[in-house]
């Protein structure tokens, strides 16, 4: 969506609120007490009243905006800014653009948006041929705990990266480019590289049976048993990269985005930034209007509660 179109459609608080209500009405309101679906809207209170039992719920209730006091226009602008470019913007830059006095509410808003992105992406499963590998991301140096104990000195976080791929026809292949096309990408933080940890993550995201391509590390000893087919990339590092191109491209691009936009992130919240990256890359060609797609999810999915603290 072009900036002029966004301003025309959502340029005021009233327009944003009306658009949000329209999306809620379209999604349908269900009473939390009696499960009734017929409601009356009390415009003076911004509440829905159940025609059956009379219980009420606010316009924001059960949505990404629940418990938030920030204006609707803040949410619409933030969702536009987070979707209109491939890289996105940091919470600090969003705060500057909105002209809000405090950083913490904007930071929380951005993470709530990312949590809904994650919820939507978790509904997807990788199928067919899937590349799997681990990457290590730089994270902020941890702060010293309040109890005086020493912080975890580890400044790297392990991430399991999975990418579904499909072989390209010979006439579609290009010199110097992978012989496969990339479908969906999934990234999950991991605390260790034990086989049970890796396999559990894989089974939660990959449909079985599947052809799994890995570097043949000890973390994948049960892969063939679980998924039916396991191809090991052998040879030199360059030869392995040719067999696992998309996971390494995803790792490289995610690292560059985090460094360029956010400079550094905490280990605690790295998963949220990876969720945003995967949500956007998985829709790189599918959505003509990414803002509207995210708005639809905003009224259908509740955000995950945050533990306060920036990172």
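Any read-out appearing in this document is the output of simple, stated calculations on the displayed coordinates, not a laboratory observation. Note that the coordinates shown come from a computational prediction; the quantities given were computed from them, not determined experimentally. When we count neighbours, we look across all protein chains shown, and the Cβ atoms used for this are built from the backbone with ideal geometry, even at glycine.
Going by Cα centres, the range 90-134 and the range 178-243 are how many Å apart? Using only Cα atoms to place each centre, the spacing works out to 25 Å. Report, in degrees rounded to the nearest 10, the 0 to 90 angle that the Cα long axis of helix 245-257 makes with the longest principal axis of the chain. It works out to around 50 degrees.
Roughly what % antiparallel, to the nearest 5, for the DSSP beta bridges in the chain?
Details: 26 of 35 bridges.
Expressed as a percentage, antiparallel bridges in the chain total about 75.
The long axis of helix 103-121 is offset from the longest Cα principal axis of the chain by roughly 60 degrees. Relative contact order for the range 3-122: 16 percent, from Cα pairs under 8 Å spaced at least 6 residues apart, divided by residue count. For the chain, modelled as a GNM whose springs connect Cα atoms under 10 angstrom apart, the maximal fluctuation among 104, 123, 47 occurs at 123. Computed extension length for residue 181-residue 136: 13.8 nm, one decimal, from 0.36 nm per residue of separation with the Cα-Cα distance subtracted. For 301, 160, the sequence from fewest to most other C-beta atoms within 10 Å is 301, 160. Scaled against 2.2 N^0.38 Å for its residue count N, the alpha carbon radius of gyration of the range 3-122 is 1.17. For the chain, the longest principal axis of the C-alpha atoms and the axis of helix 72-83 are separated by about 20°. Among 26, 108, 199, the largest mean-square fluctuation in a Gaussian network model of the chain (Cα springs under 10 Å) belongs to 26. Given springs between every Cα pair under 10 Å in a Gaussian network model of the chain, which of 159, 132, 30 has the largest fluctuation? Result: 30 has the largest fluctuation of those listed. Here residue 292 and residue 268 are evaluated by their C-beta separation; at R0 = 41 Å the FRET efficiency comes out at 0.85.
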